[in-house]
Amino acid sequence: MRITELAEATGVAPATVKYYVREGLLPAGTRVSDNRTDYDDEHARRVRLVRALIDVGQLPVARAREVLAVLDADARRVQEVFAVAQDALTPGPSDADPPPADALARVDAD
């Protein structure tokens, strides 16, 4: 199927498909000419998985890429997949968020 058909089948824009390929979330399709690439049902399944990770799981692209890398690995172990997925879903402190003032005061007091 062409990129427009893949986009229509998965509910994303063709530009989103191209973005997923660039970001390593989706394997490239089969190049059939200079201006045409074909995709198959596996690509459609992958786009749906990526959408689920990003939209439902609210993962940033980088974390979704990590989860997909584990899923794609030859030696897939269920525990490893779940560990990576759980780690990706567990909110942690953001480097952009400064620590609360009371926490800094406690550290300074020690």
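As a rough footprinting exposure proxy, the listed residues Glu8, Glu66 were ranked by other beta carbons within 10 Å of their own, and the order from fewest upward is Glu8, Glu66. Computed from the C-beta positions of Arg22 and Ala69, the FRET efficiency with R₀ = 22 Å rounds to 0.90.
Quick note: the coordinates plus some simple rules give every number you see, no bench work behind them. Please read all numbers here as calculations on a predicted model, not as lab measurements. Don't worry about glycine lacking a Cβ; one is built from the backbone with ideal geometry, like all the others, and counts go over all protein chains shown.
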